[in-house]
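Q: If you scroll down you'll find the structure; I have some questions about it.
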Ligand code: B12
Ligand code: SF4
Ligand code: SF4
């Protein structure tokens, strides 16, 4: 077997030993021209909203072999880790079910980073005598077009909802990469398989897809509940629905996430016990110290105290429980964040409209 092919076989074996559900390899030194042009169009349209870090990283996102990432990089090993728990999700406490599936348990960055480091170490060990291989693990904080690299590595295809779909596994996967100077035999991309289906585009509660494959992130509930720091625009408030943090609607309706699939074995995706003992009113009323407890070891810290409380107010307005009125009135009058006060006032007005 050719050395590069032998390396590929060993890397694939090691990645599956480490618990990754899919692995593919592509070349790092061939830039993603088409995808970068799409990325630029996304920025030019302003679809990134307040996510300034996407703008800052625009140039670096073009390539993986820049000095910023890893000089002399030849290969990218792309991996995916499933996080859905099809048989168990129904039993999650109600508050956990208002969090996106990836965010109910521990912060995935910690667990995946460890595994990616071990995969990078393994790549370095592939060096022949006298050869030095460098390898760097990457997770989504890095300025890399992860879905595009994964698609080129044949890990799956990008669906009309913009997500990478791994045939036989679905789209509830998190992506990571190891970029390395090692020459590893690349895989090829696979064809897109959405066909005539438009379920994700039709089901999106805020109409966030201007066209298939393209997301106006400013309208996406994940953006509104995780990234946006100010007030949620009035025309999108109702669309937040019962989503406290993130949204899975465009994945829930996707046929590639249907069928019988085993639960993931990773404990890190099981909901924190705290969600069984927390109500929406608790979230709305949490001060900084209480929020720090709720967010410890969870991806929800990214929303910030004010963002999480703002979403709780919108969800309470959607649910329409009159018992929440006193807490909403307090938040509307006293919360230090203008975005929370505004969302609480909106929720109160919804409650009174419903009562009328
Ligand atoms: C910023 C960001 C967001 C933003 C913007 C999302 C977006 N669609 O751009 C917000 C906050 C809204 C978000 C939401 C979510 N995110 Co996010 N996010 C990112 C991040 C950090 C950067 C993405 C980015 O650069 N976007 C800009 C766009 C232009 O780039 P792109 O998505 O790669 O663009 C592709 C499409 O536009 C597509 N495209 C455009 N036109 C066309 C035309 C055709 C014909 C085709 C085929 C493709 C195509 O091609 C581009 C390249 O592949 C990545 C991690 C990373 N470093 O890549 C995670 C990442 C994309 N997110 C992820 C997840 C899990 C989510 C959520 C599911 C979380 C949740 N449950 O709430 C939602 C899903 C929303 C959705 N439908 O996309 C995962 C996706 C895993 C997967 N299976 O694909 C990633 C990869 C993180 C990770 N490491 O696993 N996210
Ligand atoms: S995550 Fe929700 S809001 Fe965002 S595009 Fe998908 S369905 Fe729409
Ligand atoms: S719901 Fe349909 S159109 Fe959307 S990603 Fe899944 S298969 Fe593709």
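Any read-out appearing in this document is the output of simple, stated calculations on the displayed coordinates, not a laboratory observation. Please read all numbers here as calculations on a predicted model, not as lab measurements. Here the Cβ is made from the backbone with ideal geometry for all residues, glycine too, and neighbour counts use every protein chain on show.
Q: Averaged across orientations, what area in nm² does the convex hull of the alpha carbons in region 281-356 project?
A: Working: hull surface 18.2 nm².
Quarter of the Cα hull surface area: 4.5 nm².
Q: Given R₀ = 45 Å, what would the calculated FRET efficiency be for residue 349 paired with residue 190, taking r from the Cβ atoms and rounding to 0.05? Don't skip to the end; give the middle numbers.
A: Working: r = 49 Å, r/R0 = 1.10.
Taking R0 as 45 Å, the efficiency between residue 349 and residue 190 is 0.35.
Q: For region 230-297, report the % of Cα-Cα distances exceeding 15 Å.
A: Working: 1650 of 2278 pairs.
Percentage above 15 Å: 72.
Q: Please give the residues of region 265-299, grouped as numeric ranges, whose backbone N is less than 14 Å from a label point set 7 Å along the Cα-to-Cβ vector of residue 334.
A: Residues 284-288 fall inside that zone.
Q: Right, something else. Say a paramagnetic label sat at a point 7 Å from the Cα of residue 88, along Cα to Cβ; which residues of region 98-119 have their backbone N under 12 Å from it?
A: Answer for this model: 104-106.
Q: Where Rh is the Kirkwood radius over the Cα pairs of the chain, the temperature 37 °C and the viscosity 0.692 mPa s, what D in µm²/s does Stokes-Einstein return?
A: Numbers: Rh = 21.6 Å.
This corresponds to a translational diffusion coefficient of 152 µm²/s.
Q: Rank by packing, highest mean first: peptides 12-23, 119-130, 149-160, 308-319, with packing defined as the count of other Cβ atoms within 10 Å averaged across residues. Mind dumping the intermediate values first?
A: Working: 12-23: 18.8, 119-130: 15.0, 149-160: 23.5, 308-319: 26.0.
Answer by packing, highest mean first, reads 308-319, 149-160, 12-23, 119-130.
Q: For the pair residue 113 and residue 6, how long in nm is the line joining their label points, each one 7 Å along Cα→Cβ?
A: 3.5
Q: Let me ask something else. Return the FRET efficiency for the residue pair residue 288, residue 140: r is the Cβ-Cβ distance, R0 is 22 Å, and the value is rounded to the nearest 0.05.
A: On the way: r = 26 Å, r/R0 = 1.20.
So the FRET efficiency works out to roughly 0.25.
Q: Would you mind calculating the gained length between residue 56 and residue 252 on full extension (0.36 nm times residue separation, minus the Cα-Cα distance), in nm to one decimal? Provide the component values of the computation, followed by the final result.
A: Details: separation 196, 0.36 × 196 = 70.56 nm, distance 3.22 nm.
Here the segment from residue 56 to residue 252 would lengthen by 67.3 nm.
Q: Sort the following peptides by mean Cβ neighbour count (other Cβ atoms within 10 Å, averaged over residues), highest first: 248-258, 95-105. Walk me through the numbers before you get to the answer.
A: On the way: 248-258: 18.8, 95-105: 22.0.
The peptides rank, most packed first, as 95-105, 248-258.
Q: A further question on this structure: Compute the distance in nm between two label points, each set 7 Å from the Cα along the Cα-to-Cβ direction, one at residue 33 and one at residue 127.
A: Distance between the two pseudo-spin positions: 3.4 nm.
Q: Any chance you could list P(r) for region 3-180, counting all Cα-Cα pairs in 10 angstrom bins from zero, rounded to whole %?
A: Cα pair-distance distribution for region 3-180, in percent: 9, 35, 36, 16, 4, 0.
Q: Label-point separation (nm) for residue 214 and residue 41, each offset 7 Å from Cα along Cα-to-Cβ?
A: In this crude spin-label approximation the distance works out to 0.5 nm.
Q: Let me ask something additional. Sort 176-189, 276-289 by packing, meaning the average of other beta carbons within 10 Å per residue, with the highest value first.
A: Working: 176-189: 21.9, 276-289: 16.3.
Final packing ranking: 176-189, 276-289.
Q: Run through the DSSP bridge list for the chain and note the antiparallel percent, rounded to the nearest 5.
A: Working: 22 of 23 bridges.
Percentage antiparallel, nearest 5: 95.
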